[in-house]
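Colleague: Mind having a look at this structure? Questions to follow.
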Amino acid sequence: MGTVLFILVILAAIVTIASGVWVATGLISAVASFKPERPAPPDSERVDPS
Amino acid sequence: MHTVVSVALVAGYVVVLTFVAIRARAAREYSEFSLARRALPLALVFGSLCATYVGPGFSIGFVGKGFESGFLFFGIGLAYALQNVLVGVLVAPRLRALNDCHTLGDAIGQKYDRRCHVLAGVISAGLCTGYAAVMAKAGGVVFKDVFGVPEWSGVVLIVGITTLYTTSGGLRASVVTDAFQFTAFTILLPVVLLLALGFHLEGGIAGFAERASAATQNGLASKTPFQIIGLVTAFLLGETLIPPYANRALASRTTRVSKYGFVLGGLFSIVWFAVMISLGVAARGIVPVGTDEDHILLNMVKAIMPTEGYMLLLVVSVSVIMSSLDSLLNAGAVVFTQDIIRPIWKLPNGKALDVGRTATVVIAFAAAAAAAAVPTIIDGLLVCYTIWAPAILPALVLGLWLKKPRPLAGILSMVVGALVAGLSQLVAGGLTKVPAILPALGAAILAYFLGHALSREKGA
């Protein structure tokens with residue numbers, strides 16, 4: 001009984017770490033996919049509507 | 001040498017967190033601030049949801065409970081896992097399927113009317129501020145314990161940094177920083193457990209099992225059946241769909257992501273509770289009996305890890321607190337804008353973004369100020385749980401499931417639920433053994449059906 005409990009606890013720790021690693025990979029791909037903010041064009045490049 | 005490594009660890013953590021927050025960049029539209037454009041993938045919904053619910057109560061608090069009462073709280077915590085799975089299967093996809101819905105108040109407003117919408121907003125914003133005050137208090141306690149500085153300085157530091165990135169980046173900044181913080185504590189705390197089990201286990205595997213059994217029996221003997229029922233109810237309903245969770249359900253990329261985010265979040269809570277409780281049981285051979293529950297994890301890490309480990313614990317604790325606090329600040333600000341201001345004054349999106357940002361700062365100030373009035377972390381959380389479930393859940397769940405929900409039923413249920421929960425705690429607190437959440441929930445459900453019947457008679 002003690003050994004079963006011990007193995008379950010170790011498994012829980014491993015699953016927890018694996019969850020952290022999975023979220024880390026999701027985070028890295030999300031952060032990499034964020035497009036950088038496009039800076040506003042300088043005044044000289046703006047088209048004058050008139 | 002120890003100091004250099006410790007400072008490098010904390011500095012490295014701050015640098016990566018800042019990088020992640022900056023990459024999330026400032027929200028330029030209200031839909032970005034409130035719902036991250038409804039584009040969150042499963043890994044981020046799951047990580048952010050778990051990071052939000054794993055606050056100081058489910059980490060430091062659970063380790064203390066494991067130390068005192070073994071696996072009793074693991075059993076009680078299963079109610080929390082069940083709640084998340086049920087929300088994932090039954091409620092989250094329905095919420096996500098509603099159009100133009102930013103908050104629970106929006107959902108209630110769509111199902112009932114504008115009065116219910118605003119009332120749900122007032123309750124939600126108040127509760128978010130209350131929960132945030134508890135997190136701010138926890139930040140102060142951690143800084144006081146680790147550095148010996150006054151509690152208020154920790155409160156100011158943690159609330160200040162969290163407010164900075166939440167005000168600028170809104171929900172997306174909150175979610176990506178949550179995911180980073182989730183990664184930090186889900187790797188570091190199980191490693192502490194594995195080290196304790198591998199190198200500091202007195203009596204080997206049999207000793208661990210004996211300590212677990214003795215502590216669990218102690219825990220069972222120290223609680224009446226009524227208290228256990230009250231705790232199970234609080235874990236089952238107390239945090240169900242509080243505003244930051246609802247935001248994540250609504251901001252998911254699809255209804256499937258919303259569903260599986262919650263189902264996986266529920267299943268994760270089972271392994272997380274097992275790890276925290278086991279840390280507490282393992283600590284029984286390391287930390288002296290009689291140590292205060294909230295200090296078990298701290299003392300255990302101090303005993304078995306080098307100085308760097310202690311700094312690591314600070315990083316973990318700060319991650320746990322900030323990931324809950326940022327979600328609460330953002331949710332409170334969105335609720336204030338969407339459920340209180342917008343139904344009364346028709347704000348364009350640009351103005352709504354400004355109001356949301358201002359509300360984030362105001363709620364942060366209020367939470368920091370109220371932190372001083374929070375008695376203990378667990379007590380503060382229990383007060384919030386007791387009010388949230390009766391005040392909102394009957395109106396929300398029945399509103400989503402009934403064909404023709406009546407506004408009078410929604411109003412009566414929210415008002416009666418909030419009042420009975422508040423009064424049971426203020427007036428009868430400590431006088432009865434019945435946990436306040438039970439009569440308040442019963443009263444709210446009764447009031448709902450009374451309002452429903454009265455409206456039907458009027459309509460007939």
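Colleague: Rank these for me by crowding, B:HIS117, B:HIS295, B:HIS452, going from fewest to most other beta carbons within 10 Å.
Modeller: Taking fewest neighbouring Cβ atoms as first place, the list is B:HIS295, B:HIS452, B:HIS117.
Colleague: Ok, one more. From the cross-link list B:LYS351/B:LYS403; B:LYS259/B:LYS403; B:LYS346/B:LYS403; B:LYS137/B:LYS302, which pairs have alpha carbons spaced over 27 Å apart?
Modeller: From B:LYS351/B:LYS403; B:LYS259/B:LYS403; B:LYS346/B:LYS403; B:LYS137/B:LYS302, over 27 Å: B:LYS351/B:LYS403; B:LYS346/B:LYS403.
Colleague: Another one. Hey, got the Cα dimensions of the range B:16-123 along the principal axes, in Å, largest first?
Modeller: 47, 41, 26
Colleague: What is the pair-distance distribution P(r) of the range B:2-374, computed from all Cα-Cα distances in 20 Å bins starting at 0, with each bin given as a whole percent?
Modeller: The percentages, shortest bin first, are 30, 57, 13, 0.
Colleague: Expected output is a single nm value to one decimal: the length gained when fully extending between B:VAL289 and B:LYS351, i.e. 0.36 nm times separation in residues minus the C-alpha distance. What is it?
Modeller: Taking B:VAL289 through B:LYS351 to full extension adds about 16.7 nm, to one decimal.
Colleague: Calculate, axis by axis, the spread of Cα positions in the range B:58-106 along the three principal axes, and write the results as whole Å, longest axis first.
Modeller: The Cα atoms of the range B:58-106 stretch 47, 19, 12 Å along the principal axes, largest first.
Colleague: Using the Karplus curve 6.51 cos²θ - 1.76 cosθ + 1.60 with θ = phi - 60°, work out ³J(HN,Hα) for each residue of the range B:29-35 in order, rounded to whole Hz, and write x for Gly and Pro.
Modeller: Computed from phi, the couplings for the range B:29-35 are 10, 5, 5, 6, 5, 8, 10 Hz.
Colleague: Against the empirical 2.2 N^0.38 Å scaling, what ratio does the C-alpha Rg of the range B:89-163 come to?
Modeller: Computed over Cα atoms of the range B:89-163, the ratio equals 1.58.
Colleague: Once you have the Cα-Cα distance between B:LEU450 and B:ILE228, take 0.36 nm times their residue separation minus that, and quote the gain in nm to one decimal.
Modeller: Net length gain for the segment: 76.9 nm.
Colleague: Under Stokes-Einstein, with the Kirkwood radius over Cα pairs standing in for Rh, what whole-number D in µm²/s applies to the range B:388-430 at 20 °C and 1.002 mPa s?
Modeller: Value of D from the Cα-based Kirkwood radius: 197 µm²/s.
Colleague: Which angle between 0 and 90 degrees, to the nearest 10, do you get for helix B:307-335 versus the longest principal axis of chain B when only C-alpha atoms count?
Modeller: Taking Cα atoms only, the helix is inclined about 0 degrees.
Colleague: Using only Cα atoms, find the angle between the long axis of helix B:225-237 and the longest principal axis of chain B, and express it within 0 to 90 degrees, rounded to the nearest 10.
Modeller: Taking the Cα atoms of chain B, the angle to B:225-237 is about 70 degrees.
Colleague: Just the Kirkwood number for the protein assembly as shown, please: inverse of mean 1/r across all distinct Cα pairs, in Å, one decimal.
Modeller: Hydrodynamic radius (Kirkwood, Cα only) of the protein assembly as shown equals 23.4 Å.
Colleague: Please report the spacing between the Cα centers of the range B:305-365 and the range B:1-64 in Å, no decimals.
Modeller: The two parts, judged by their Cα centres, are 12 Å apart.
Colleague: Moving on to the next point. For helix B:72-86, report the angle its Cα long axis makes with the longest principal axis of the Cα atoms of chain B; keep it between 0 and 90° and round to the nearest 10°.
Modeller: Computed tilt is about 40 degrees.
Colleague: Moving on. Among B:ARG172, B:ARG284, B:ARG256, rank each residue by its count of other Cβ atoms within 10 Å, from fewest to most, as a rough exposure measure.
Modeller: B:ARG256, B:ARG284, B:ARG172
Colleague: Tell me which aspartates and glutamates have Cα within less than 13 Å of B:LYS65's Cα, excluding those fewer than 8 residues away on the same chain?
Modeller: Partners found: B:ASP292, B:GLU293, B:ASP294.
Colleague: Averaged across B:191-198, how many Cβ atoms of other chains sit within 10 Å of each residue's Cβ atom?
Modeller: Per residue, the number of nearby Cβ atoms from other chains is 2 on average.
Colleague: Can I ask one more? May I ask you to sort B:TYR112, B:TYR448 by Cβ crowding, counting other Cβ atoms within 10 Å and putting the fewest first?
Modeller: If I rank by nearby Cβ atoms, fewest first, I get B:TYR112, B:TYR448.
Colleague: Can you give me the three principal axis dimensions of the range B:226-375 from its C-alpha atoms, in Å, biggest first?
Modeller: Projected onto the principal axes, the Cα atoms of the range B:226-375 cover 61, 35, 35 Å.
Quick note: the coordinates plus some simple rules give every number you see, no bench work behind them. Not measured: the values here are computed from a predicted model. Glycine also receives a Cβ, built like all others from the backbone with ideal geometry; neighbour counts cover every protein chain displayed.
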